[in-house]
Amino acid sequence: DTGVSQNPRHKITKRGQNVTFRCDPISEHNRLYWYRQTLGQGPEFLTYFQNEAQLEKSRLLSDRFSAERPKGSFSTLEIQRTEQGDSAMYLCASSSDNSGNTIYFGEGSWLTVV
Amino acid sequence: AQRVTQPEKLLSVFKGAPVELKCNYSYSGSPELFWYVQYSRQRLQLLLRHISRESIKGFTADLNKGETSFHLKKPFAQEEDSAMYYCALRGYSGYSTLTFGKGTMLLVSP
């Protein structure tokens, strides 16, 4: 298992376009998280799934953001009508009850909105 | 509300010097505290967690509930310790999510 996998690793998009990021968690991890990180800041929580259920959403997650985990495996994070303020690193992480709930992070997806 | 404060953006030391990266937290309860590290061009990874009470790569951290601190220490810094270090808290009012500090960059010079 190669850990949490995210793609694309980098995305440059024009303001107003939609973008989608995909996250493949570690196999059999039932918990999946999305975080956002901007320069000079630590990761900030966006949303959390347990299996396919989205159980928590941060107020950072505006109505232009939507996340899904349809089969309780991979997840997608879509940003509609992107704005320059959306430029950030989007991190996915996963954990399981069996691993002591240690949270493992992916390498992240860099978004630049021009 | 839960909050993690890392007062230093950058800590620069010479090889062999002791290191202490500060972390203070705010949480009305008994949280779980972690240190994550990010080496250059690598993903964020767990360094240690307070409930394990272990030493990883020579680093230790003790949870001080009175001072609400979880400082990371190493007696003799090595060049390979140069990295970004994040302190994180997990409370029990939510769903196991982590709240991170802004991070401290540790630079160890030869």
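A compact table of results
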read-out: Qualifying residue in segment A:75-90 (condition: open to solvent by 10 Å² or more (accessible area, probe 1.4 Å), under 13 Å from A:Gln6 (Cα atoms), polar (S, T, N, Q) and more than 11 Å from chain B (Cβ to nearest Cβ)); value: yes
read-out: Which numbered condition B:Gln42 fails, given (1) of a type outside the set (Val, Ile, Thr); (2) in a strand (DSSP E or B); (3) open to solvent by 50 Å² or more (accessible area, probe 1.4 Å); value: (2)
read-out: Subset tally (residues that are away from chain B (no Cβ under 11 Å) and either part of a loop (DSSP other than H, G, I, E, B) or within 26 Å of B:Gly91 (Cα to Cα) (or both)) for segment A:97-109; value: 1
read-out: Any chance B:Ser55 is loosely packed, with under 12 Cβ neighbours inside 10 Å and among the small types (Gly, Ala, Ser); value: no
read-out: Selection within segment A:1-26 - open to solvent by 80 Å² or more (accessible area, probe 1.4 Å) and over 16 Å from A:Thr76 (Cα atoms); value: A:Asp1, A:Thr2, A:Ile12, A:Lys14, A:Arg15, A:Gln17
read-out: Out of B:Thr60, B:Thr5, sole residue that is in contact (Cβ under 8 Å) with a residue 60 or more places away in the chain and under 11 Å from the mean Cα position of the chain (by Cα); value: B:Thr5
read-out: Test result for A:Arg31, on the phi < 0 side of the Ramachandran plot and crowded, with 21+ Cβ neighbours inside 10 Å; value: yes
read-out: Among the candidates B:Ser30, B:Ser96, residue that is open to solvent by 50 Å² or more (accessible area, probe 1.4 Å), modelled with pLDDT under 95, in contact with a Phe, Trp or Tyr (Cβ under 8 Å, 6 or more places away or on another chain) and part of a loop (DSSP other than H, G, I, E, B); value: B:Ser30
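The values are calculated or read from the model by the stated rules, or taken from the named source; none is laboratory data. Fair warning: this is a prediction, and the values are worked out from it, not measured in the lab. Reconstructed Cβ throughout: ideal geometry from the backbone, glycine too, with neighbour counts over all protein chains shown. Side chains are part of the model used for accessible areas, which takes the heavy atoms of the whole protein and leaves out ligands, DNA and RNA. Shrake-Rupley method; radii C 1.70, N 1.55, O 1.52, S 1.80 Å.
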